[in-house]
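Asks: To start, I am sharing the structure in question, which I have written as structure tokens.
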């Protein structure tokens, strides 16, 4: 079974530009989560998509947005990039959440560097 | 406000000895706790979890202990092996519903010396 895949592996942008990060969940998983791991910090929850809809959002500004496609893959868009957006962005997927916790499986991440 | 805290950024242990990684939390509503292991250039991988209705869960060399009154959990690795060297994150979850997100600690770098 293929794991969660993310692209690109590395992304270098300049301040003010937009970045688009992509994630493909494990087959059969309908929930996709995005986390940010900035230097020296733990993983910070960004967004949760399930069945194509945004279900929950972390404490991040609106310039962090995303979507989930009918095939359950997902995109994270970061507009008006700032230097502090430099971080490892991790995507995770799980079976549909329902009313019980479902284990989240993580991808290898996209390293975003903002110059 | 860091709801899940790992106060030790690093830990060094001799091979064969016990590794104890600690985690504290502040939100008494958390009812599911997990440990993830992360190698460089890889995503975190699930290690072991515990529900708040239990105080211990064991899986091979890994045991997680939960002390709800102290809002503290710990991961014991016995015996430690060089391959266990990685960053360990504890995470907490509010069970189900609209808050199905993981709150992570900042991680502890475990180095197991041969």
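Just so you know, all these numbers are worked out from the coordinates, no wet-lab data involved. Given the structure is predicted, the values throughout are model-derived calculations rather than measurements. Using ideal geometry, Cβ is built from the backbone for each residue, glycine included, and neighbour counts are taken over all protein chains shown.
Asks: List the relative contact order of chain B as a percent without decimals, with contacts defined as Cα pairs under 8 Å and 6+ residues apart. Show your work: numbers first, answer last.
Replies: Details: 277 pairs, mean separation 41.5, N = 114.
Relative contact order here is 36 percent.
Asks: Where does each of B:13, A:32, A:78 land when they are ranked from fewest to most other beta-carbon atoms within 10 angstrom? Present the calculation step by step, with values, prior to reporting the outcome.
Replies: On the way: B:13 19, A:32 29, A:78 26.
In order of increasing Cβ crowding within 10 Å: B:13, A:78, A:32.
Asks: So, one more: Could you tell me the extents of chain B's C-alpha atoms along the three principal axes, largest first, rounded to whole Å?
Replies: Over chain B, Cα extents along the principal axes are 44, 29, 22 Å.
Asks: OK, next. Specify, per residue and in Å³, the volume enclosed by the convex hull of the alpha carbon atoms belonging to the range A:1-61. Spell out each step's value before the answer.
Replies: Numbers: hull volume 7.5 nm³, N = 61.
Dividing the Cα hull volume of the range A:1-61 by its residues yields 122 Å³.
Asks: Further question on the same structure: How crowded by other chains is A:76-88, given as the mean number of beta carbons from other chains within 10 Å of each beta carbon? Walk me through the numbers on the way to the answer.
Replies: On the way: counts 0, 0, 0, 0, 0, 0, 0, 0, 0, 0, 0, 0, 3.
Average per residue, whole number: 0.
Asks: Can you pull the Rg over Rh of the range A:19-115, Cα-only, Kirkwood? Provide the component values of the computation, followed by the final result.
Replies: Details: Rg = 12.8 Å, Rh = 13.4 Å.
Result: Rg/Rh = 0.95.
Asks: In Å, the Kirkwood hydrodynamic radius of the protein assembly as shown over pairs of distinct alpha carbons?
Replies: Numbers: mean 1/r = 0.0554 Å⁻¹.
Mean inverse Cα-Cα distance, inverted, gives 18.0 Å.
Asks: Starting from a Cα-only point model with no solvent, please compute log10 I(q)/I(0) by Debye for the range B:1-62 at q = 0.19 1/Å.
Replies: -0.98
Asks: In percent, what relative contact order does chain A have, based on Cα pairs under 8 Å that are 6 or more apart in sequence?
Replies: In percent, rounded to a whole number, it is 36.
Asks: Apply 1/(1 + (r/R0)^6) to the Cβ-Cβ distance of residue B:57 and residue A:65, taking R0 = 35 Å, and write down the FRET efficiency to the nearest 0.05. Don't skip to the end; give the middle numbers.
Replies: Numbers: r = 37 Å, r/R0 = 1.07.
About 0.40, to the nearest 0.05.
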